[in-house]
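J.: One structure, as structure tokens, below. Some questions next.
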Amino acid sequence: MPAGCRIEISYIDPETYSSIVNHELRKEILRTLYAMALDKPPTKQELADKLGMGYHQVSYQLGQQLSEFWSVVDEKKVRGTRMEYIAPSSPSSVYITLGKDGELFVVDPLANIFGQLSKVGTRCDGCSEKEYLKCLKHVEEGCFCGNELTKEEVAFLNKNGRKKPFRPMDLALVCALKGITSGRKCVISIPCDSCPFMRRAIVIDGL
């Protein structure tokens, strides 16, 4: 198991968000790629096989609508054929975008979370209070905002369906929004063996 899990929260434009969330195949491709890459980078053919789809169908989606979410990390020649091994651009990334009236939308492929925050929640929601309290210190150490929320930020989270006690991802999402104007990203590093979500993800995918 890797020594640390680097969660980077990045902003994507609403058009990119919509092109994913409203397309079941693209969501499934991202979810499967992120899960497979927990073990080792797959080839496009291995990804297609896992999905039970044709290579060209998967390759087209990767090359057209999903190009910013993955990259080639290795190449090998096998019987004269060049094999490309691919992986998520940022393996544990969570992507966000803002809608009208301050609605926050989330794309978290590894957690299979796609949609409006108030409806789909975050990857921390499956953790017990004891578990997520341990992770709060990593948000404070990793993000540049600390863990003290203003009244306005609390109201923003409440409006998006998040209630106290806030989870680590709630604080990280607010921090990431603060960083948009300055170009700073919220990055959290949590030891994988300390992250209940990552432990469950690895078990679920049989890795």
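J.: Assuming a viscosity of 0.692 mPa s and a temperature of 37 °C, what translational diffusion coefficient in µm² per second does Stokes-Einstein assign to the range 51-132, Rh being the Kirkwood radius over Cα pairs?
T.: 211
J.: Taking amide H positions as placed 1.01 Å from N in the peptide plane, with prolines and chain starts having none, which residues 5 or more places from Tyr11, or on another chain, fall under 5 Å of its amide H?
T.: Hits under the 5 Å cutoff: Ile96.
J.: Could you run the Karplus curve 6.51 cos²θ - 1.76 cosθ + 1.60 with θ = phi - 60° over the range 177-188 and give me ³J(HN,Hα) per residue in whole Hz, x for Gly and Pro?
T.: Once rounded to whole Hz, the list reads 5, 4, x, 4, 5, 9, x, 9, 9, 8, 10, 10.
J.: Amide H of Ala87: which non-local residues (sequence gap of 5 or more, or other chain) have their own amide H closer than 5 Å, using H built in the peptide plane?
T.: Answer set, sorted by chain and number: Ser71, Val73.
J.: Would you please name the chymotrypsin sites (Phe, Trp or Tyr not before Pro) within the range 137-188 that are DSSP coil residues with at most 15 other C-beta atoms within 10 Å of their C-beta?
T.: Passing sites in the range 137-188 are Phe144.
J.: How large is ³J(HN,Hα), in whole Hz, for each residue of the range 25-36 in order, when computed from phi with the Karplus curve 6.51 cos²θ - 1.76 cosθ + 1.60 and θ = phi - 60°, using x for Gly and Pro?
T.: With coefficients 6.51, -1.76 and 1.60, one gets 5, 5, 4, 5, 5, 5, 4, 5, 4, 5, 5, 5 Hz.
J.: If only Cα atoms are counted, what is the Rg of the range 93-205, and what is its Dmax, in Å?
T.: For the range 93-205, the Cα-based Rg and Dmax read 13.4, 40 Å.
J.: Which pairs, out of Lys40/Lys119; Lys137/Lys164; Lys100/Lys185; Lys100/Lys134; Lys137/Lys163; Lys27/Lys151, put more than 25 Å between their alpha-carbon atoms?
T.: Lys40/Lys119; Lys100/Lys134; Lys27/Lys151
J.: What ³J(HN,Hα) values, in whole Hz, does the Karplus curve 6.51 cos²θ - 1.76 cosθ + 1.60 give for the range 41-58 when θ = phi - 60°, with x put for Gly and Pro?
T.: These are the phi-based 3J(HN,Hα) values: x, x, 7, 4, 5, 5, 5, 4, 4, 4, 7, x, 10, x, 4, 5, 5, 5 Hz.
J.: Met83 to Asp13: extension gain in nm, 0.36 nm per residue of separation minus the Cα-Cα distance?
T.: 22.0 nm
J.: A further question on this structure: Roughly speaking, to the nearest percent, how much of the range 12-88's 1.4 Å accessible area is carbon and sulfur?
T.: 43
J.: Another one. Which FRET efficiency value, to the nearest 0.05, is calculated for Leu98 and His56 with the Förster distance at 35 angstrom and r the Cβ-Cβ distance?
T.: 0.50
J.: Less than 15 Å Cβ to Cβ from Glu148, Lys/Arg counted +1 and Asp/Glu -1: what total charge do the surrounding residues give?
T.: -1
J.: If only Cα atoms are counted, what is the Rg of the chain, and what is its Dmax, in Å?
T.: Cα radius of gyration and Dmax of the chain are 17.5, 62 Å respectively.
J.: Here's another thing I want to ask about it. Let me know the charge dipole size of the chain about its Cα centre in debye, to the nearest 20, where only the beta-carbon of Lys, Arg (+1) and Asp, Glu (-1) is charged.
T.: 200
J.: What net charge do the residues around Tyr60 carry, taking every other residue with its C-beta under 12 Å from that of Tyr60, with Lys and Arg at +1 and Asp and Glu at -1?
T.: +2
J.: Considering only protein heavy atoms and a 1.4 Å probe, what is the carbon-and-sulfur percentage of the accessible area of the range 93-205?
T.: 51
J.: Something else now. Heavy-atom accessible area per residue, the chain, 1.4 Å probe: how many Å²?
T.: Heavy-atom SASA per residue in the chain reads 52 Å².
The values are calculated or read from the model by the stated rules, or taken from the named source; none is laboratory data. Predicted, not measured: the structure shown is a model, and the values here were computed from it. Note: ideal-geometry Cβ built from the backbone for every residue, glycine included; neighbour counts use all protein chains shown. Accessible surface areas use protein heavy atoms only, side chains included; no ligands, DNA or RNA. Shrake-Rupley method; radii C 1.70, N 1.55, O 1.52, S 1.80 Å.
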